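The values are calculated or read from the model by the stated rules, or taken from the named source; none is laboratory data. Computed from a predicted structure; not experimentally measured. Methodologically, a virtual Cβ is constructed for each residue, glycine included, from the backbone with ideal geometry; neighbour enumeration extends over all protein chains shown.
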Amino acid sequence: MTLKEINSSWVEDLSQPLMIAGPCSAESEAQMLETAKRIRETNVNVPIFRAGIWKPRTKPNGFEGVGVIGLNWLKKVKEEYGFKTATEVANAHHVAAALEADVDILWIGARSTVNPFTVQEIAEALKGTVKTVLVKNPVNPDLALWIGALERLLGQDIKNLGVIHRGFSTYQKTKYRNNPNWQIALDFKSQYPNIPMLIDPSHICGNRTGLADITQEALNVGYQGAIIETHSNPDEAWSDAAQQITPEVLADLISNLKVRNSDFAGFEGEMGRHRTLISDLDFQIIEMLSQRMKISEKIGKLKKENDIAIFQPARWKEITDYATQKATETGMSPEFIEKIFKTVHEESIEVQNKVMINR
């Protein structure tokens, strides 16, 4: 069996869109029960309660989770309020403890996904489980690592699989804590449409401001749901306070979400016309990029003949300033245009490098 062949019917047995909510970290039994109680009282459809029991932190000496005792609080949440439960596991010890506590859904975090040795250890500890296992994208934008983690799980006969898109780390400062890099997630969905994908807007945004927008964007492109950090008193949370919301705010967010229909029945003709126009414009863009690279090749030859360095900072600044100006004039996002021009510029440098070394 391959990833393309697995049947992800587990998600169909839950509400759509599937919402998973609960605190970033389990802090106390009272905090867990209060959060669960208030989520339940809002009457929104949240079938799964999440909480971090072990918390991997970037630097030492921070709060790294309450440990195994928190699993007892998760069990109590299940018993008293009827939620299924979910938590992150990062090694075989975590897996054994979570399975013993009958946690329903386990997820592998971004820091673990990036390490094949860690994923293999977790997969072997979970061998043959019927529990649902979700895999967050790795911290770095590497689609192969993400897919590889799922393949390791499937290799241990784990078939109830799903993924969580939580964004990717970047050295550049943006409005996101972790850049969404939507195309990577959409490439995954394109290859494996049978594997459910959830959005993690909490870790993408890093604050409460954009949670609703990111969640709706994900539903707009066919994600099956979201995992959202929810706390009874977010401002006093022991970890990631800025990105957690109250159960009441969660309920308002969920009530305003709209699930998009994937059926084009009734407007196939109009959609087809628009897509034809886009295809034609795409072809023109490719043709123009080809012409641009041919000119870059000529420039590379001139630079080689005159021993001039390929990268010219002043020229690059001139290009980016012009692109930003044109983006503003045409009502487009300057960040989007800069990203495109940066990619084109990188390819132009590669073309000129090939000329320089006669490749």
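List of remarks:
- Matching entry among 167, 162 (being touching a Leu at 6+ places or on another chain (Cβ under 7 Å) and under 23 Å from residue 221 (Cα atoms)): 162
- Residues that are within 22 Å of residue 179 (Cβ to Cβ) and surrounded by fewer than 22 Cβ atoms within 10 Å (Cβ to Cβ), drawn from the range 135-161: 139, 140, 141, 142, 143, 144, 145, 147, 148
- Residue within the range 98-105 that is at pLDDT below 95 and β-branched (Val, Ile, Thr) present: no
- Qualifying residue in the range 30-37 (condition: in a loop (DSSP other than H, G, I, E, B), hydroxyl-bearing (Ser, Thr, Tyr) and assigned by TED's automatic domain parsing to the domain that holds residue 130): no
- Looking only at residues of the range 293-321 that are assigned to a helix (DSSP H, G or I) and among the small types (Gly, Ala, Ser), we find that the one that is surrounded by the fewest Cβ atoms within 10 Å (Cβ to Cβ) is 314.
- Residue match in the range 111-131 (condition: in contact with a Phe, Trp or Tyr (Cβ under 8 Å, 6 or more places away or on another chain), over 28 Å from residue 36 (Cα atoms) and modelled with pLDDT of 95 or more): yes
- In this entry, residue 117 passes the filter for residues that are assigned by TED's automatic domain parsing to the domain that holds residue 74, surrounded by fewer than 18 Cβ atoms within 10 Å (Cβ to Cβ) and aromatic (Phe, Trp, Tyr).
- Of the residues 230, 276, the single one that is polar (S, T, N, Q) and under 21 Å from residue 197 (Cβ atoms) is 230.
- For the range 7-21, a tally of residues being under 17 Å from residue 154 (Cβ atoms) and at pLDDT 95 or above returns 0.
- Residue 343 assigned to a helix (DSSP H, G or I) and either modelled with pLDDT under 85 or hydrophobic (A, V, I, L, M, F, W, C) (or both): no
- For the condition out of contact with any strand residue (DSSP E or B) (no Cβ under 6 Å at 6 or more places or on another chain), more than 27 Å from residue 16 (Cα to Cα) and surrounded by 23 or more Cβ atoms within 10 Å (Cβ to Cβ), residue 95 qualifies.
- Among the residues of the range 277-314, those identified as touching a helix residue (DSSP H, G or I) at 6+ places or on another chain (Cβ under 7 Å) and over 16 Å from residue 346 (Cα atoms) are 301, 303, 304.
- Condition check for residue 184: touching a Pro at 6+ places or on another chain (Cβ under 7 Å) and at pLDDT below 95: yes
- When residues of the range 162-173 are limited to those that are within 18 Å of residue 243 (Cβ to Cβ) and either without any contact (Cβ under 8 Å) to a residue 24 or more places away in the chain or not assigned by TED's automatic domain parsing to the domain that holds residue 104 (or both), the one surrounded by the most Cβ atoms within 10 Å (Cβ to Cβ): 170
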